[in-house]
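Worksheet: one structure, shown below.
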There are 2 protein chains.
Amino acid sequence: MSAEVICVGTELLLGDILNSNAQFLAQQLAGLGIPHYYQTVVGDNPERIKQVLKIATERNIAAEGASPAQLLIFTGGLGPTPDDLTTETIAEFFCVPLVERSEVLEDITRKYAARGRKMTPSNRKQALIPEGADVLPNPTGTAPGIIWQPRPGVTILTFPGVPREMWRMWQETAVPYLKSQGWGKEIIYSRMLRFWGIAESALAEKVAPFFDLPNPTVAPYASQGEVRLRISARASSEAEAIQLIEPVQQQLREIGGQDCYGVDGDTLASVVGQLLTDAGETLSVAESCTGGGLGQMLTTIAGSSSYFLGGVISYDNLVKISLLDVNPEDLAQEGAVSDTVAQQMAVGVQKRLGTSWGLSITGIAGPGGGTDAKPVGLVYIGLAGSNGTVESFKYQMGSQQERSFIRHLSVCHALDQLRRKLLTT
Amino acid sequence: MSAEVICVGTELLLGDILNSNAQFLAQQLAGLGIPHYYQTVVGDNPERIKQVLKIATERNIAAEGASPAQLLIFTGGLGPTPDDLTTETIAEFFCVPLVERSEVLEDITRKYAARGRKMTPSNRKQALIPEGADVLPNPTGTAPGIIWQPRPGVTILTFPGVPREMWRMWQETAVPYLKSQGWGKEIIYSRMLRFWGIAESALAEKVAPFFDLPNPTVAPYASQGEVRLRISARASSEAEAIQLIEPVQQQLREIGGQDCYGVDGDTLASVVGQLLTDAGETLSVAESCTGGGLGQMLTTIAGSSSYFLGGVISYDNLVKISLLDVNPEDLAQEGAVSDTVAQQMAVGVQKRLGTSWGLSITGIAGPGGGTDAKPVGLVYIGLAGSNGTVESFKYQMGSQQERSFIRHLSVCHALDQLRRKLLTT
């Protein structure tokens, strides 16, 4: 069997809403080990819905090595309004009549009464189910789904488009049903290795032989300056999958070295937090172009107050002088975006807040303010350590990059420099 | 012509990422008036990509009343790794060879050099373009797209999967190209009114009659504490659409009053920035539970340095005392999360940085740290004005809410309080 997700809704084709249902179902199918090769979005239009059904039921899945049986998962179009057409169109496609199910009608009536709302004739429509189909109950909303085998080898599940309702119906009814059909015996379990400070192509070349592994598989992803390697194992249990993943993970970590900063839910902020906690050390920050973004990211971690004491947002140069003791002459001579000022900011905040480490960022986030000598995207990170050492790091992020991206990279690079320092001291 | 969006990426089928590209393209196609009936997601697999191409090029669109010409918009699979197969698979489907384009290779080489990174042989692959196709330049990344008519009636556009890169390529090259082909004549033009400090249901009841308008239409949206009303007009030109929208917009703004903070791309930070600029006044911030998030949001606005001088991240209580002159006795008696401390933080940062306004946040973001008297989600905003006034505002955001949501709402509420104050002084 393989699954196809079919999301029905003109609002998706107009871009009014983001298709989070497709992502949820994709994750769930992967977890159950059900192959899933296609997703389709179609509007609230009977002819087009039928066209999609025809394509989905005729796909040559057998050639893929999967059993030709099809699981078609529909979301959307179960509501009471005239443009909610999913159930009746599916029934029509398979030439099966709709019947009114009294237990569904009673359930809808009860729900409307409980909310103090009057049931309208259009709500009655939601009690119409294809003959021979089972009801997929909706505990929170009025629109039930169906579980239906209209012909051998084709199973149809329908869900409303409202994510909350869909999630619950999936967990409470669809998952037990799919497990009763023998699914979930073989699972896909994944682990994500996270890298900072290396380009996707460079990492991909270093670990190229791993991309040919059959089980677990290894695949690279990149976004927002981060590179990830996903290790996915197909196995009969989580424990077995982990056994398959562990040796590959260890080899990849060895190849990645310090560029590999963490696994799964780790973030640069959580890893830095753990390293500071382990060392019993504290941190303060001095931020110019990021305006508070470094502190913001550090404090996404609950409990960060045990190592992060705070900082100074020295957006204006006068604040750099008054609160961080940056030398006004150096500021005038070298400019606010310089190694010297980055270092003085780091030392200044470290002393002012009395922390083990002081970490600073000063740069040109753009779009204005760049010059030939100091273009947009030029950023200095300063790092002051408890043993009196102070360093700075220069980054050129490219003057074509957007302000928000430059600021995001700046924060991540700052955390990454502190991380590498903590690893070696 | 009608468009089909085809998103290529196994990570979409595994649910690793949310398909925001499909939403972006859907909105853009609607804005240009290009019919769009289907979206398909397929993995990084040449056979399946070809199957999708076959289906898309053979759809019976003529029966829909649209011209049978097809615009196929691909995202994803343009990267340098072996599983990036989109370009070569499309070329193979249409039986056209790939050719290395020297100008693309030069551009890639230049970009690697500018970032101080070594170009690897795999990057060379990104310079391969189907013979006869035009290059769709990528100003920020290394993977260009193509604009290609492989046969009469079929136009193909390809974009990388990285949203930032895709947006810019769409705006700078694809939109002018599509307009040159005669699109964008009947347009859908929308304006978004933005509200803060009112619930979606309350606003919906106030403006209910507007939801029945045929042109422009009005629809409500809500997310992350913000409520929006989208006014959409269908017209032959932007000017005509604006004429339809203006009177409705004015009525809605009157009904919304001060809860309506802006239009379209406005943010609370940009509106506050404009009000401060108009008044010739300056701002500093003192942050506890948001850890820099307020400064971060204020400085998302380019040019914010003209009114935002900086601030203090007083995550630790000692920093509240040493840098913000919060009274240690009040801190001990009232606690850090209190009206008194919020006010002292606001006054403290205002004095320390010498700004017209001082804005502070102190609260319990959770998940730990809550008590019966001071539960998670309790947040105080302090606001000190130039005339010596100081106020504070108490918010209960609900102890069930997530840390990130509480912190986001805190920042927005702080900006909103300053906004309302600036409107009335």
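Quick notes on this one:
- Here the spin labels are modelled as points 7 Å beyond Cα on the Cα-Cβ line, and at A:GLU100 and B:ALA202 they lie 4.1 nm apart.
- Springs between Cα atoms under 10 Å define the GNM used for chain A, and in it the highest mean-square fluctuation of A:ARG115, A:ARG407, A:ARG352 occurs at A:ARG115.
- Kirkwood Rh and Cα Rg combined as Rg over Rh, evaluated for the stretch A:67-179: 0.96
- Take each residue in B:293-306, count the other chain C-beta atoms within 10 Å of its C-beta, and the mean is 6.
- Each residue, A:GLN149 and B:LEU423, gets one label point 7 Å from its Cα in the Cβ direction; the gap between the two is 6.1 nm.
- Estimated at 0.36 nm per residue, the fully extended path between A:LYS351 and A:GLN274 surpasses their Cα-Cα distance by 25.4 nm.
- Estimated vicinal HN-Hα couplings, Hz - the stretch B:187-200 in sequence order (Karplus 6.51, -1.76, 1.60; Gly, Pro = x): 10, 10, 10, 10, 10, 10, 8, 10, 10, 9, x, 9, 6, 4
- Residues of type lysines that A:LYS50 reaches as a straight line, Cα spacing below 29 Å, ignoring anything fewer than 8 places off in the same chain: A:LYS125, A:LYS179, B:LYS50, B:LYS54
- Alpha-carbon Debye profile of chain A, log10 I(q)/I(0) at 0.13 Å⁻¹: -1.05
- Most mobile listed residue (A:SER338, A:SER360, A:SER20) in chain A, GNM with C-alpha springs under 10 Å: A:SER20
- Considering only the stretch A:52-209, percent of DSSP beta bridges that pair antiparallel, nearest 5: 60
- Residue with peak Gaussian network fluctuation, chain A [Cα springs, cutoff 10 Å], from A:PRO46, A:PRO152, A:PRO247: A:PRO152
- The stretch B:147-214: trypsin sites (Lys or Arg not before Pro) in DSSP loop, at most 16 other beta carbons within 10 Å: B:LYS185
- Of B:ILE147, B:ILE361, A:ILE108, the sequence from fewest to most neighbouring Cβ atoms within 10 angstrom is B:ILE147, A:ILE108, B:ILE361.
- Cβ charges +1 (Lys, Arg) and -1 (Asp, Glu), total dipole of the protein assembly as shown, debye: 160
- Value of Rg to Rh for the stretch A:187-263, rounded to two decimals, is 0.96; Kirkwood radius and Rg both from alpha-carbon coordinates.
- For the pair the stretch A:1-20 / the stretch B:183-237, the C-alpha centres are spaced 22 Å from each other.
- Measuring nothing but alpha carbons in the stretch B:268-424 and taking Rh as the Kirkwood radius, the Rg to Rh ratio lands at 0.95.
- Normalising by residue count, the stretch B:117-216 has a Cα convex hull of 179 Å³ per residue.
- With eigenvalues of the C-alpha gyration tensor scaled by 5 and rooted, the stretch A:346-425, Å: 26, 13, 10
- A:THR389/A:ARG117 FRET efficiency (R0 56 Å; Cβ-Cβ; nearest 0.05): 0.25
- Hypothetical label at B:ILE321: residues of the stretch A:297-317 whose amide nitrogen lies under 20 Å (7 Å Cα-Cβ projection): A:305-312
- Within a straight-line Cα-Cα reach of under 17 Å, A:LYS206 can be paired with the following lysines, leaving aside sequence neighbours fewer than 8 residues apart in one chain: B:LYS118.
- Note on A:GLU240 and A:ILE17: with the Förster distance fixed at 45 Å, the Cβ-Cβ geometry gives a FRET efficiency of about 0.70.
- Bins of 20 Å from zero: percent of alpha-carbon pairs in the protein assembly as shown: 14, 42, 38, 7, 0
- Neighbour-count ranking [beta-carbon atoms within 10 angstrom, fewest first] of B:ILE381, A:ILE406, B:ILE321: B:ILE321, A:ILE406, B:ILE381
Any read-out appearing in this document is the output of simple, stated calculations on the displayed coordinates, not a laboratory observation. Because the structure is a prediction, the values reported are computed rather than measured. We place every Cβ from the backbone using ideal geometry, glycine too, and count neighbours over all the protein chains shown.
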